[in-house]
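Colleague: Got a structure here, written out as structure tokens. Questions coming.
Laboratory data are not the source of any read-out in this text; all were calculated from the coordinates shown. Since the model is a prediction, treat every value here as computed from it, not as a measurement. Please note: Cβ atoms are built from the backbone with ideal geometry, for glycine as well, and neighbour counts cover all protein chains shown.
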Amino acid sequence: MDSSFRFKQFSVADDKCTMKVGTDAVLLGCWVNPTSAQYILDIGTGSGVIALMMAQRSNALIDGIDIDPPSIEQARQNIANSKWGGRMNIINKSLQKYCKNHSNKYDLIVTNPPFFSNSLRSPKENRNISRHNDKLNFDELIFSVKKLLDQDGRFCLILPENESEVFKDKAIINGLFPLRNLNIYPKKERAVKRILSEYCLTRPSLEGTDRDLSVLMIRNDDNTFTEEYQELTKDFYLEF
């Protein structure tokens, strides 16, 4: 039985991947604006879902990297089954090694990164690698992004609230500056679930990004999806 996750213009199989297609990846893929990008890098591509979302919304050449061989195999198959395979490339390499051997710059870098540091671990080591930051901590991520990002490029990621604040502090200290954010709430009067953030290499002229924070509720009180969430995801989800 085909268990692929079906979007409007492509499908994603993820049964071999350490991380399945989830809301975080879809939110990031919908929120990022790739239309003017020429070269995009997806760090920790997994099934390739974010890379495929970037391909649908741009004419860019897209590279996806991951350290998990089964995920790489499945991402390559998902891309081969799409209509954008000719401008997408999936590479089995860590970001640290990729950064050392890659001299070209990207005008857009995206990632749904591992962020757990001290939480309960899974008995499956490959799942730990995709969820815990042992193999890619924030300092390494920031260093690599700065090396790979074009001077006028943008870096976008999704993190939980606490981790997002830690990342922002480290990023600013190391010369990566926040441009915009989107706070994701499951419902009204619930705590922030995730924060989508966009960074650049040049400090914005207006100090402080708090004034630029925006908010998105995923569900209404009756558990239906909000109009804002449907509007954000309508190019991809079949039900919208």
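Colleague: Residue-wise, which Karplus ³J(HN,Hα) couplings in Hz belong to segment 143-151, taking 6.51 cos²θ - 1.76 cosθ + 1.60, θ = phi - 60°, and x for glycine or proline?
Modeller: 4, 5, 4, 4, 6, 8, 8, 4, 4
Colleague: Which cross-chain or sequence-distant (5 or more) residues have an amide H under 5 Å from the amide H of D107, H modelled 1.01 Å from N in plane?
Modeller: Q38, Y39, D150
Colleague: Which entries in K97/K146; K97/K170; K16/K170 show an alpha-carbon gap greater than 26 Å?
Modeller: K16/K170
Colleague: Moving on to the next point. How would I173, I72 line up from fewest to most surrounding beta-carbon atoms within 10 angstrom?
Modeller: I173, I72
Colleague: Exposure proxy check: R219, R203, R76 ranked by fewest other beta carbons within 10 Å? Before the final figure, lay out the partial values.
Modeller: Numbers: R219 15, R203 12, R76 19.
By the 10 Å Cβ count, ascending: R203, R219, R76.
Colleague: Further, regarding this structure: Can you work out ³J(HN,Hα) from phi for every residue in segment 90-95, in order, using Karplus 6.51 cos²θ - 1.76 cosθ + 1.60 and θ = phi - 60°, giving whole Hz and x for Gly and Pro?
Modeller: 10, 10, 8, 7, 5, 4
Colleague: Using the Cα gyration tensor of the chain, with a ≥ b ≥ c the square roots of its eigenvalues, what is the shape: rounded (a/c below 1.5), prolate (a/b larger than b/c) or oblate (neither)?
Modeller: On the way: a/c = 1.26, a/b = 1.03, b/c = 1.23.
The shape class here is rounded.
Colleague: Continuing with the same structure: Ordered by residue, what ³J(HN,Hα) values in Hz, to whole numbers, does segment 13-19 give under the Karplus form 6.51 cos²θ - 1.76 cosθ + 1.60, where θ = phi - 60° and Gly and Pro are x?
Modeller: Listing the rounded values in order: 8, 9, 5, 9, 8, 5, 10 Hz.
Colleague: Among the lysines, which fall within straight-line cross-link reach of K93, defined as a Cα-Cα distance under 16 Å, with same-chain neighbours fewer than 8 residues apart omitted?
Modeller: Within reach: K135.
Colleague: Is it possible to state the helix-based mean residue ellipticity at 222 nm for the chain, with each DSSP H run of 4+ residues giving -39500 (n - 2.57), the sum divided by total residues, to the nearest 500 deg cm²/dmol? What is it? Intermediate values should be presented prior to the final figure.
Modeller: Working: 8 runs with 74 residues, N = 240.
Mean residue ellipticity at 222 nm (helix-derived): -9000 deg cm²/dmol.
Colleague: Turning to a different aspect of this structure: In which sequence would R190, R180 go, from the one with the fewest C-beta neighbours within 10 Å to the one with the most?
Modeller: R190, R180
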